[in-house]
Structures are given as structure tokens and as C-alpha cells.
Amino acid sequence: MNILVINCGSSSFKYQLIEMGGQTVLCSGLVQRIGDSMGSLTHKKAPGGEGEKKYTEERPFPDHTAGMTRVMSLLTDPELGVIGSLSEIAACGHRVVQGGEIFKQSCIVGEKELEQIAALSPLAPLHNPAHVQGLEVVMRLLPHAPSVAVFDTEFHSTMPQHAFMYALPYEIYEQQRVRRYGMHGTSHRYVAQQAARVMSRQEPGFNVITCHLGNGCSVSAVKDGKCVDTSMGMTPLAGVVMGTRCGDIDPAIHAYLGRQTGMGLEDIDSLLNRKSGMKGICGMNDMRDIHAARKKGDARAQLAFDMFCHSIRKYIGAYYAVLGRVDAIVFTAGIGENDPESRAAICKDLEAMGIVIDPAKNEKRFDNARSISPVGVKVRVLVVPTNEEIVIAGATAALLKEKMA
Ligand code: ADP
């Protein structure tokens, strides 16, 4: 059974075609700059296969339909394709960032669900409208293959109320649904499960702190396989310091800036989301550039790095207290998987909490899940490559089986 996984943004989308029997990625790709005068597409067959080399083309994609139509023709292309006909796609799994309180589980999408996902757009204005667009296009182009929505917020729906509520008047929650929803749930779920597997543990009785550190960063506390707290909030702006997002700040700063500078709400929102975080401190948001700069003595780059690590350490400490006992700390996503310096700085001097990293293991590069702590420590530190697409494909296949049963 082949599942097409789609992660659709407002001007780009990523795709993967996954064969579920062997959990093999047949091909993957990315369409960017949709709507611009010139767009781009990259497409790659699975490693090891024929035609493994990356195929790229530059041409305008006026809208998502144009991009998706091109991808469909590539999937069945005699040279670059991996299937004979589109009928070999059994279903399509879509990443959807915000499921609000309506969607606590993945679901097959029909007209009603499309409307509900669209209605949640005010809570995720950069994401949900794009997901709706992606869903509509795929449902039209692949009418035989059910589309399934897998929500980033699903995994966090198990948070207890005292963790997801903000201390605002209760009516604000009742009327506006203002609360913590959390993001990156699919990734946190996957790496927590993988951590239990690596340590030969079952999820019941297993407590883990998962750190998803990419462009967006979030930390979750996971107990018995369920999320009990997470650092992102109603939106992905909250929590730790990120590439361009400020993370936790005094909420009064919003009003203060408005009064002092005359900036409007939209401008402040954009400042906090796009011009803050490490970029706001040192002008750079890619960790590789920040390392290069601080090694040349750039004090701002050093400050940005120190602030980033400090904010994650604080969440690790907080979630240690939330969980009471911690079996493992997991690092994942672009920085978490690839940057030993961040991992070392975040875990420095935490021996008293039982958190220790073996420097040699930390420096080694592997593609699979591994422990980077010395043998016999109280809390294992693990690096686990995330694979949100496999989780989305798995959830899609499971719903399809249920529907066919
Ligand atoms: P996204 O959140 O967009 O999925 P990723 O998980 O791919 O992003 O993470 C992107 C970030 O990972 C980049 O900003 C970069 O700072 C960081 N990164 C990737 N590779 C490395 C590396 N080898 N060393 C340090 N940082 C890295």
C-alpha cells in the first residue's frame, strides 16, 4: 500500500511517497515559491534505487494545483517516477498544524472536516489556510484516495487542564478557546516511542523529555507515552528561544511596545515571530552560521547561542520537576540531531540531575537513534532522528484499514 504524505505551506509543499509494507520511502520532493514569477521543484527517488540523483526544475507554479499536478505527473513518469499509475496511491496523509479542541485524533477529511480545519485558521493563520488548500487540491486530483489529516496538536491533547490553561479569566478560554495547544506533536510522539524502543522499555512507566530543535523549537514532557506538558503555546511563538521567534517573554511587552513606539499589533506580531529569537540578537538564525561567527569572536552570536541553550536548560529543569523521574532526554530535528555543541552546552553541569553526555559519543555522526551518555547513568541522553512522515503515513494507513474493515 502506497501513501502519499503532504506537508503544505502557503507558498511551498513537501511530499513523500511511502510504501507501507516495508516502510520504504519511494521518493520525496519539495515545490517552492508557488505564486512567484519563478518557482522550483526538487524530486528524488529513494536512496539506492535507480535515478537516485536529485531532479530539479525551475518554472513558475501559479498556484498549489499547478505544483501538485506536476508532482502527480512526476510520480508516474517513466524515468523519474516510482509508480505506474496514480491508482497505486491508496491514500494521502496531510500534516495539519492546528486541530484545536475539535480534532484529538487523525481523521479522514470530507467537506465538514475541511470547514472545521479552515475555521481553526485564526489559531494558526500561517498554516491552516495552506493545509486547507493542499487538502482541496489533493482531494480533487486523487478522488479515489481518501485524504487523512494528522494534526500537530493531537499528541498534546492529553495535557491535563492545569498544564494547558492560561491564568486568564476563564471566559477567555470558554469563548475564544485561548489555551496551550502545542506544536510538533507528531515529532515528539515519534521520538518518545523510539526512545523507549532504543532503551528496550515499554512506554508505560517510561518518562522522557523530548527536545525538538529545528527552525522552530519545542520541548515536551512525556509520561507513559502521553504528553503532559509542552513549551509551545496557543501558537508556535511561545517556549524556548528559536531561530526567529522570541519564545517566552513578558506578555506586557506587547502593550509596552505599542504605547512606546506606536507599532500596531500586526507589526509587533511580525517582530516577535520573524525578527526576534537568535536572529534578533545576532542577525543570524542558522545555527551553523552562528557557530562560525562566534568562533571568530562575534559576541552577539555567542550571546544568541547562550540564550538559546539557557532557555532549553530551563525547560529541561521544569519538566524534570513535572515528571518527577526522568528516564531519558531526547534531542531531535535539525539542531538536535546534527549539532553536538548545542547538546553539550544544554546538558553541561547537570550531573547532579543524573544527566551526563559522553563527549566522544556526542561528536560521532550516525543516521540512526543512539545514546550519547556514558553507560550506567541515571538519565540517558539520546539523539533520535525524527520522521514525521512515517508517523503520518502510519496514521493514514491505519484509518484506511479501519474504513475498509
Ligand atoms: P524545520 O524546523 O524547518 O524542519 P530543521 O529541523 O531542518 O528545520 O532544522 C533547521 C535548523 O537545523 C537550521 O536552522 C540549522 O540551524 C540547523 N542545522 C542543520 N544542520 C546543522 C548542523 N550540521 N549543525 C548545526 N546546526 C544544524
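How much accessible area per residue does the chain have, counting only protein heavy atoms and a probe of 1.4 Å, in square angstrom?
For the chain, the solvent-accessible area averages 46 Å² per residue.
From the mean inverse distance of alpha carbon pairs (Kirkwood) and the Cα radius of gyration, derive Rg over Rh for region 294-358. Show your work: numbers first, answer last.
Numbers: Rg = 12.9 Å, Rh = 12.9 Å.
Rounded to two decimals, Rg/Rh equals 1.00.
Hey, if you put +1 on the Cβ of every Lys and Arg and -1 on every Asp and Glu Cβ in region 275-405, which of N362, C282, A397 ends up farthest toward the positive end of that dipole?
Checking the options against the dipole of region 275-405, the answer is C282.
Based on a Kirkwood Rh over C-alpha pairs, give the Stokes-Einstein translational diffusion coefficient of region 92-193 at 20 °C and viscosity 1.002 mPa s in µm²/s.
For these conditions, the coefficient is 149 µm²/s.
How large is the convex hull of the Cα atoms of region 119-161 per residue, expressed in Å³ as a whole number?
On the way: hull volume 3.7 nm³, N = 43.
Per residue, the Cα convex hull of region 119-161 comes to 86 Å³.
Please give me, ordered by residue number, the trypsin sites (Lys or Arg not before Pro) of region 1-99 that lie in loop per DSSP and have at most 15 other Cβ atoms within 10 Å. Intermediate results must be reported in sequence, preceding the final value.
Details: sites: K14, R33, K44, K45, K53, K54, R70, R95; in loops: R33, K53, K54.
Passing sites in region 1-99 are K53, K54.
If I compute solvent accessible area with a 1.4 Å probe over the protein chains, what percent of it on region 1-82 is carbon and sulfur?
On the way: 1880 of 3870 Å².
Exposed carbon and sulfur together represent 49 percent of the surface.
Using alpha carbon centroids, what distance separates region 335-393 and region 273-331, in Å?
About 15 Å separates the Cα centre of region 335-393 from the one of region 273-331.
When the C-alpha atoms of region 170-270 are aligned to their principal axes, what extent does each axis show, in angstrom, from largest down?
The Cα atoms of region 170-270 stretch 57, 33, 18 Å along their principal axes.
Treating only the Cβ atoms of Lys and Arg (+1) and Asp and Glu (-1) as charged, compute the dipole magnitude of region 69-141 about its Cα centre; round to the nearest 20 debye. Walk me through the intermediate numbers first.
Working: 5 positive and 8 negative charges, 29 e Å.
In debye, rounded to 20, region 69-141 gives about 140.
So what J values fall out for region 132-146 if you push phi through Karplus, 6.51 cos²θ - 1.76 cosθ + 1.60 with θ = phi - 60°, rounded to Hz, Gly and Pro as x?
Couplings: 4, 4, x, 4, 4, 5, 5, 5, 6, 7, 10, x, 7, 9, x Hz.
Projected onto the charge dipole of the chain (+1 at Lys/Arg Cβ, -1 at Asp/Glu Cβ, origin at the Cα centre), which of N387, S371, M165 gives the Cα projection farthest towards the positive end?
With unit charges placed on the Cβ atoms, the residue in question is S371.
Using the Kirkwood radius built from alpha carbon pairs, what does the Stokes-Einstein equation give as D for the chain at 20 °C and 1.002 mPa s, in µm² per second? List each step's numbers first, then the result.
Details: Rh = 22.3 Å.
It diffuses with D of about 96 µm²/s by this estimate.
For region 269-405, compute the orientation-averaged projected area of the C-alpha convex hull (one quarter of its surface), in nm².
On the way: hull surface 48.0 nm².
Average of the hull's projected areas for region 269-405 equals 12.0 nm².
Let me spell out the model: positive unit charges on the Cβ of Lys and Arg, negative unit charges on the Cβ of Asp and Glu, origin at the Cα centre of region 1-116. What dipole size does that give, in debye rounded to 20?
Values: 11 positive and 14 negative charges, 58 e Å.
I would put it at about 280 debye.
Okay, helix-only estimate at 222 nm for the chain: each DSSP H run of n ≥ 4 adds -39500 (n - 2.57), divide by all residues, round to 500 deg cm²/dmol; what do you get? Mind dumping the intermediate values first?
On the way: 15 runs with 156 residues, N = 405.
Helix-only estimate at 222 nm: -11500 deg cm²/dmol.
Relative to the longest principal axis of the C-alpha atoms of the chain, give the angle of the C-alpha long axis of helix 252-261, reported between 0 and 90° and rounded to the nearest 10°.
90 degrees
Each residue of region 78-84 in order: what ³J(HN,Hα) in whole Hz does its phi give by Karplus 6.51 cos²θ - 1.76 cosθ + 1.60, θ = phi - 60°, with x for Gly and Pro?
Residue by residue, region 78-84 yields x, 9, 8, x, 10, 10, x Hz.
To the nearest 0.05, how large is the calculated FRET efficiency for Q23 and A318 if R₀ is 35 Å and r is the Cβ-Cβ distance? Display every interim value, and only then the final one.
Details: r = 35 Å, r/R0 = 1.00.
Taking R0 as 35 Å, the efficiency between Q23 and A318 is 0.50.
The values are calculated or read from the model by the stated rules, or taken from the named source; none is laboratory data. All figures in this text were calculated on a predicted structure; none of them were measured in a lab. All Cβ positions, even for glycine, are placed from backbone atoms using ideal geometry, and neighbour counts span all protein chains on display. What goes into the accessible areas is simple: the full protein's heavy atoms, side chains included, and nothing from ligands, DNA or RNA. Shrake-Rupley method; radii C 1.70, N 1.55, O 1.52, S 1.80 Å.
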